[in-house]
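**Q** Encoded as structure tokens, here's the structure I'll be asking about.
Just so it is clear, none of the values below were taken in a lab; they were calculated from the coordinates. Fair warning: this is a prediction, and the values are worked out from it, not measured in the lab. Reconstructed Cβ throughout: ideal geometry from the backbone, glycine too, with neighbour counts over all protein chains shown.
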Amino acid sequence: MAETNTMPAKAEHPADTEIAPPRRRRGIIITVVVLLVLIALGVWWRSTYSEDTDDAQVNGHIIQISARIAGQVIHVDVNENQFVRRGDPIAELDPKDFEVAVENAQAALDSARAAAVAAKVFVPITSVNTGSNLRSADADLSGAHAAVSQAQEQFDAAKARVAQAQANNIKAQSDLTRYTPLVEKDVISKQQYDAAVDAADSDKAALADALASQQAAADAVRVAHDRETQAEASLKYAQTAPQQVAFQEARAKQAEAQVEQAQAELDQARLNLSYTRIFAPEAGIITRKSVEINQNVSAGQNLMTLVSLEDIWITANFKETQLRHMQAGQKVQIHVDSTGKDYSGRITQIGGATGSVLSLFPPENATGNYVKVVQRLPVRIDFTNLAREDPNHELRPGLSVEPKVWVK
């Protein structure tokens, strides 16, 4: 009995030692399978809910700083690779010539304003004067008409007197001619003859006086007509009073326009004076500085380059197979190699054409043999919280990044 009890007990130990190893192997196999499943799930999750690429970089504005006017540099405030903020002074040109130009423009503006005031004052004066001249010319013309009528009447009266004097002279001369032989024959007395001679002389003088009066009356008529013509011309000129007033008003407006022109020239002179000081348009890093003190620069000449560090973005080239579910507004996680940090962003634009189409020499397939090549499309990604995530401006245009877009 004892032997039979001990034998089964001895047989159990080998059986235990033979079963244990398969259990450990199964545990290892299960662990490996779970890991593979997790890896597969991770790969599936990543490929299904996100898209990433390593063909991406930081982009920004490269600003060429140039002078807006020509002048001599008297001061340079920055050095190569120096960080500047918006509005920091960069360089200064000699302002003396531009200060003189401002003074000249100010004097021209003052003169134009004085001329405008005088021209504006002359508008009512012209209106009053032309109205008065019109009334005076009308009265002068009426007087000239009356003078012509009067002179004509006097001329007619003078003609009548001449006719009467001619008749008297003819009678007197006839009487003298008739009395002459009679006095010689003593038919009439010497006294009668002398009276006839005196009457003939008197009538002859009266005729000459009448003729002179007639000529004077004719001259008076001519003068009256001349005055009438002059009065008519003066009236016609006075009747242009509305045009004269309009002309003066136009001159006043022209003077006001000259004031505006002088003001614009003064503003331009002040602008040119302000351009003598050059300031940083954006915060960034100064590079390629080529300006030095006492250097004469021309308008538009490049002085240095400013790499903006404020308005920067990401340009990521995704494969066309990754764009199926990609659209503007999706969140992006951006990993930057240089800093080792992750930044938040958002898709704002998807390019209008692939990089190959936009290249300087786009590919052509003249042989007709088509090989499908996966193209890449540029996608713009803007930072959503750059001020907090990059307060020290560590990001630079051109840095390589790895964006991950959450497409679902």
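**Q** With the contact rule set at Cα under 8 Å and sequence spacing of 6 or more, what percent relative contact order holds for the chain?
**A** Reported as a whole number, the value is 32 percent.
**Q** Would you mind working out the magnitude of the charge dipole of the range 190-298 relative to its Cα centre, with +1 at each Lys and Arg C-beta and -1 at each Asp and Glu C-beta, to the nearest 20 Debye?
**A** 980
**Q** Please report the net charge: other residues with Cβ closer than 15 Å to the Cβ of V307, K and R +1, D and E -1.
**A** With Lys, Arg at +1 and Asp, Glu at -1, the neighbours total -2.
**Q** Could you give each residue of the range 113-127 its phi-based ³J(HN,Hα) in whole Hz, using Karplus coefficients 6.51, -1.76, 1.60 with θ = phi - 60°, and x for Gly or Pro?
**A** So the J values, rounded to whole Hz, are 5, 5, 5, 5, 5, 5, 5, 5, 5, 5, 5, x, 4, 4, 4.
**Q** What does the charge add up to near E232, with Lys and Arg as +1, Asp and Glu as -1, over the other residues with Cβ less than 14 Å from its Cβ?
**A** Working: positive: R227, K236; negative: D138, D140, D226, E228.
That works out to -2.
**Q** Explain nothing, just compute: Karplus ³J(HN,Hα) = 6.51 cos²θ - 1.76 cosθ + 1.60, θ = phi - 60°, for every residue of the range 130-138 in order, whole Hz, x for Gly and Pro.
**A** Here the 3J(HN,Hα) series is 5, x, 5, 5, 5, 5, 5, 5, 5 Hz.
**Q** Trypsin sites (Lys or Arg not before Pro) within the range 152-239: which are DSSP loop residues with at most 14 other Cβ atoms inside 10 Å?
**A** When the trypsin sites (Lys or Arg not before Pro) of the range 152-239 are filtered for loop state and at most 14 Cβ neighbours within 10 Å, K185 remain.
**Q** Under a point-charge model restricted to the Cβ atoms of Lys and Arg (+1) and Asp and Glu (-1), what is the dipole moment magnitude of the chain relative to its Cα centre, in debye to the nearest 20?
**A** 2020
**Q** Straight-line reach from K185: which lysines fall under 30 Å, measuring Cα to Cα and dropping same-chain residues less than 8 apart?
**A** K171, K204
**Q** Please give me the summed charge of the neighbours of K253: other residues whose Cβ is under 13 Å from its Cβ, Lys and Arg +1, Asp and Glu -1. Numbers along the way, then the final one.
**A** Numbers: positive: K120, R251; negative: E249, E256, E260.
Once all neighbours under 13 Å are counted, the net charge is -1.
**Q** Would you please name the trypsin sites (Lys or Arg not before Pro) within the range 290-354 that are DSSP coil residues with at most 16 other C-beta atoms within 10 Å of their C-beta?
**A** Within the range 290-354, the qualifying trypsin sites (Lys or Arg not before Pro) (loop, at most 16 other Cβ atoms within 10 Å) are R324, K341.
**Q** For log10 I(q)/I(0) by the Debye sum over Cα atoms at q = 0.08, 0.14 Å⁻¹, several values are listed as (1) -0.43, -1.35; (2) -0.63, -1.20; (3) -0.86, -1.23; flag the one computed from this structure.
**A** (3)
**Q** Less than 17 Å apart at the alpha-carbon level, and either on another chain or at least 8 residues along: which aspartates and glutamates does that give for K341?
**A** D52, D54, D382, E389, D390, E394, E402
**Q** Quick one: length gained pulling E99 to K185 fully straight, 0.36 nm per residue minus the C-alpha distance?
**A** Contour length minus the Cα-Cα distance gives 19.1 nm.
**Q** If you don't mind, there's one more thing I want to ask. Mind listing the long-range amide H neighbours of D52? Cut-off is under 5 Å, sequence gap 5 or more, other chains count too, H placed in the peptide plane at 1.01 Å from N.
**A** Under 5 Å from the amide H of D52 lie the amide H atoms of V405, each far enough along the sequence or on another chain.
**Q** Suppose R0 equals 60 Å; then what is the FRET efficiency for A208 and R135 from their Cβ-Cβ distance, rounded to the nearest 0.05?
**A** 0.85
**Q** Working out 0.36 nm times the residue gap between V223 and H75, then minus their Cα-Cα distance, what length gain in nm do you get to one decimal?
**A** 45.0 nm
**Q** With runs of 4+ DSSP H residues as the only contributors, calculate the mean residue ellipticity of the chain at 222 nm using -39,500 (n - 2.57) per run, divided by the residue total and rounded to the nearest 500.
**A** About -20500 deg cm²/dmol.
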